[in-house]
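The values are calculated or read from the model by the stated rules, or taken from the named source; none is laboratory data. Fair warning: this is a prediction, and the values are worked out from it, not measured in the lab. Because the Cβ atoms are built from the backbone with ideal geometry, glycine has one as well, and the counts that use them run over all protein chains shown.
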């Protein structure tokens, strides 16, 4: 590689995003950590020898004139809200869609021109098994991830002639702060102890009865970001212990 590749990882200060940033950095990529938490972004960027970028990705109106210069864009930032549809707060629904569909669109839109100029680019969208399957009480998250799947495929079709690939990674439950918070939320919603949530709710559909480790997602992302994955595009890579095989 004649010139060092560059990457932007959203939500890169912790969890899956940090694991991806670490793996890309280990492969020689210069990583920008984009996160709403400036202190955490700086800490993570220092760890991977990269650059912090404090940004509120839910403020999509502020991103309309954005221009990005990167080789690899990882759309990872996300949140979760759990409630039955009739009790779902409309602003929570809108927030999740802004952060997890509109924001990736804005970032892809901002990054494609320079990727097209170079004739090389990688868009990696951290979707979920919920981009392919549904679960009760997650109307905003499931619909947002389904939307991200469609955005990723359209990006693959448009980007293909320009050397730009676009793929989704679809994990089941990964051992992250977001999932650990969900355990408490699920316990409340379903009226069961937290100790039963992982086994009876989170892993009920998975043939492999354990949480996914962030480093496993990082390894798949590193492959999708590599030259070896030039013909891998428009795909949704499940990492769900066979959940979606049902």
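What the table below lists for this structure:
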read-out	value
Hey, residue 122 touching a helix residue (DSSP H, G or I) at 6+ places or on another chain (Cβ under 8 Å), at pLDDT 95 or above, assigned to a loop (DSSP other than H, G, I, E, B) and at negative phi or not	no
Per-region count, region 153-182, residues in a helix (DSSP H, G or I), within 23 Å of residue 13 (Cα to Cα) and either touching a residue at least 40 places away in the same chain (Cβ under 8 Å) or within 13 Å of the chain's Cα centre (by Cα) (or both)	4
Options 58, 21, 7; residue that is assigned to a strand (DSSP E or B), surrounded by 15 or more Cβ atoms within 10 Å (Cβ to Cβ) and under 15 Å from the mean Cα position of the chain (by Cα)	7
Among (1) buried (at least 19 other Cβ atoms within 10 Å of the Cβ); (2) on the phi < 0 side of the Ramachandran plot, the one test that residue 69 misses	(1)
Extreme residue, surrounded by the most Cβ atoms within 10 Å (Cβ to Cβ), among residues of region 210-225 that are in contact with a strand residue (DSSP E or B) (Cβ under 7 Å, 6 or more places away or on another chain) and within 19 Å of residue 155 (Cα to Cα)	221
Filtered residues of region 24-46 (kept if more than 19 Å from residue 222 (Cβ to Cβ) and crowded, with 23+ Cβ neighbours inside 10 Å)	35, 41
Of all residues making up region 125-152, the number that are over 24 Å from residue 20 (Cα atoms) and in a helix (DSSP H, G or I)	3
Which numbered condition residue 91 misses (of (1) within 17 Å of the chain's Cα centre (by Cα); (2) without any contact (Cβ under 8 Å) to a residue 24 or more places away in the chain; (3) more than 23 Å from residue 108 (Cα to Cα))	(1)
Tally of residues being touching a residue at least 60 places away in the same chain (Cβ under 8 Å) and either closer than 28 Å to residue 205 by Cα or surrounded by fewer than 23 Cβ atoms within 10 Å (Cβ to Cβ) (or both) across region 112-143	8
Residue match in region 226-238 (condition: under 20 Å from the mean Cα position of the chain (by Cα), assigned to a helix (DSSP H, G or I), assigned by TED's automatic domain parsing to the domain that holds residue 18 and surrounded by 20 or more Cβ atoms within 10 Å (Cβ to Cβ))	no
